[in-house]
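Let me begin by presenting the structure, written as structure tokens, before commenting on it.
Each value in this text was obtained by applying a stated rule to the coordinates, not by laboratory testing. It should be emphasised that the depicted structure is a prediction, and the values quoted were computed from it without experimental measurement. Please note: Cβ atoms are built from the backbone with ideal geometry, for glycine as well, and neighbour counts cover all protein chains shown.
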Amino acid sequence: MSHLHLQGRWVAQLQPPGAAQSPSVQRPSAQPSAETAVLQLGPHPELAHSVRGTVRRGNATALVSGDVDEGDLTLEESLNGTNISATWTGRVVDGSCGKEIRGTWNNAHPTPTAPSAPFVLRKQPGWQ
């Protein structure tokens, strides 16, 4: 998988703290307490093998940038465009054709109401 495969629209389900993340779970969105985020990624204008875009959760939008290297995803999220507010680290799921990534969203300043959380990121169909 390359940075080109990351480009497009992704929907993430962030699991609540303490929730089990089982590979057999087919629909994490069925869990009412899971939070949904939408990522829109495109080519990074300054870094040739990276992506840049936005992540939207509810009414909040943050900037994201990062890459994938040998199946390992790393994205940095910034609420103010300057400081890193969170990171997304994950691994492309084997057999998903690069359309599913599982990992952990890590809040740069975790609190009891905003801890780190496991996520499942799924690529949405459509034109790139």
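Counting only residues that are under 21 Å from TRP10 (Cβ atoms), surrounded by 12 or more Cβ atoms within 10 Å (Cβ to Cβ) and not hydrophobic (A, V, I, L, M, F, W, C), how many does the range 107-127 have?
6
On the basis of being surrounded by fewer than 17 Cβ atoms within 10 Å (Cβ to Cβ) and free of Cβ contacts under 8 Å to residues at least 24 places away in the same chain, does GLY58 make the cut?
Yes; evaluated as a whole, the condition is true for this residue.
Residue-by-condition table, conditions (1) touching a Phe, Trp or Tyr at 6+ places or on another chain (Cβ under 9 Å); (2) among the acidic types (Asp, Glu); (3) closer than 17 Å to GLY8 by Cα:
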residue	(1), (2), (3)
ALA37	yes, no, yes
LEU41	yes, no, yes
LEU73	yes, no, yes
GLY81	no, no, no
SER96	no, no, yes
GLU100	no, yes, yes
